[in-house]
Amino acid sequence: MFIKVERDYEAMSQRAAEIVADVVRGKPAAVLGLATGSTPVGLYRHLIRIAREERLDFRQVTTFNLDEYEGLPASHPQSYHAFMWKHLFEGLGLRDEQTNLLDGMARDLAEECVRFEERIRQAGGIDIQVLGIGADGHIAFCEPGSSLAGRTSVVSLHPQTIADNSRFFENEEHVPRRALSMGIGTILEARCCLILANGANKADAWSGMIEGPISAMLPASALQLHPWAIAICEPAAAAKLRHLDYYRHVDRERADQPLLPPWILQPERDPRRRAVAAV
Ligand code: F6R
């Protein structure tokens, strides 16, 4: 895992936006995996700025979002559909058909999950997956106890997540109890994972993700198994890292190295592909 601690939320967001922009600069038909929540809002703001300043072309990009609530139509202001249009898609001028979000209103939710995975495969797989982390270590809506090999499925939200998200709804009663979410197995197949954290309330989960054992009780720790996960935070989220000095040292040492894996542009260099080919 590549660990970076930026000076503050702005610097973290800017750095993350540069990384996503780099993927699109190198591969105009990139497949972007996206997250909602408060953490990536700054990243999206900077990405829109970069796109405008550089006239970076997003017309060939395809996006897939991690999750969506069950039972909220795309038009609902708290749906993740609405969030993405407000914070990113509109600013980038994306067309509806470039974006893929799970349909929480689908008649057959299980079938919707299967179809979503199929669409990711047809798009050629996700090049970079943006992630936030919950205070309990969840990624997407994969709550503690989720299978580390899980696929996109219908999940029940943890009472804590319901309470945390109630700030966006009239009251806790209005927060959906279930959601559709990529699984950890789905997320780990992305060619690169980019996870962000800010705020002291993420410090325990962040240190557990990086320094703790790999455990379903802290789903983000599964990223230790990913061959190219980039973890960027600001000082408050980094406060409980025991080896912070070492991570800063490594970061300085590899300052002249590319931050993206070579296999985004050259899929044959993906070590996981080679492993399959060797069997
Ligand atoms: C949302 C998602 C969630 C959030 C996490 C952190 O698509 O995948 O896992 O990333 O709940 O949320 P914030 O950023 O609001 O702290």
Original post:
Here is a list of conditions, (1) more than 23 Å from G71 (Cα to Cα); (2) away from the ligand (no atom under 11 Å from the Cβ), and I195 meets all of them except one; can you say which number that is?
Top reply: (2)
Subject >> Identity of the residue in region 106-136, in a loop (DSSP other than H, G, I, E, B) and more than 10 Å from the ligand (Cβ to nearest atom), that ends up surrounded by the fewest Cβ atoms within 10 Å (Cβ to Cβ) >> reply: R107
Original post:
When region 30-61 is examined, which residues are found to be of a type in the set (S, T, Y) and buried (at least 22 other Cβ atoms within 10 Å of the Cβ)?
Top reply: T36, T39, Y44
Original post:
List pairs: first in region 24-35 and farther than 18 Å from R55 by Cβ and more than 16 Å from the ligand (Cβ to nearest atom), second among the hydroxyl-bearing types (S, T, Y) and open to solvent by less than 10 Å² (accessible area, probe 1.4 Å), Cβ under 8 Å, 6+ apart or cross-chain?
Top reply: V31/T63
Original post:
What tally of residues in region 208-259 results from selecting those that are over 16 Å from the mean Cα position of the chain (by Cα), open to solvent by less than 40 Å² (accessible area, probe 1.4 Å) and under 25 Å from G26 (Cα atoms)?
Top reply: 1
Original post:
Out of all the residues in region 62-81, which are open to solvent by 30 Å² or more (accessible area, probe 1.4 Å), of a type outside the set (S, T, Y) and within 25 Å of P28 (Cα to Cα)?
Top reply: H81
**OP:** Please state which of the following conditions P262 fails to meet, knowing it meets all the rest: (1) open to solvent by less than 50 Å² (accessible area, probe 1.4 Å); (2) in contact (Cβ under 8 Å) with a residue 24 or more places away in the chain.
**Re:** (2)
Original post:
When you look at R95, is it out of contact with any helix residue (DSSP H, G or I) (no Cβ under 8 Å at 6 or more places or on another chain), closer than 16 Å to A190 by Cβ, more than 14 Å from the ligand (Cβ to nearest atom) and open to solvent by 50 Å² or more (accessible area, probe 1.4 Å), yes or no?
Top reply: no
Original post:
So how many residues does region 150-190 have that are open to solvent by 70 Å² or more (accessible area, probe 1.4 Å), more than 11 Å from the ligand (Cβ to nearest atom), in a loop (DSSP other than H, G, I, E, B) and of a type outside the set (K, R)?
Top reply: 2
Original post:
Which of the residues spanning region 137-149 are hydroxyl-bearing (S, T, Y) and open to solvent by less than 40 Å² (accessible area, probe 1.4 Å)?
Top reply: S146
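The values are calculated or read from the model by the stated rules, or taken from the named source; none is laboratory data. Here the structure is a predicted model, which means the values were calculated and not measured. FYI the Cβ positions are ideal-geometry reconstructions off the backbone, even for glycines, and counts take in every protein chain you see. Surface areas here come from the heavy atoms of the whole protein model, side chains and all, with no ligands, DNA or RNA. Shrake-Rupley method; radii C 1.70, N 1.55, O 1.52, S 1.80 Å.
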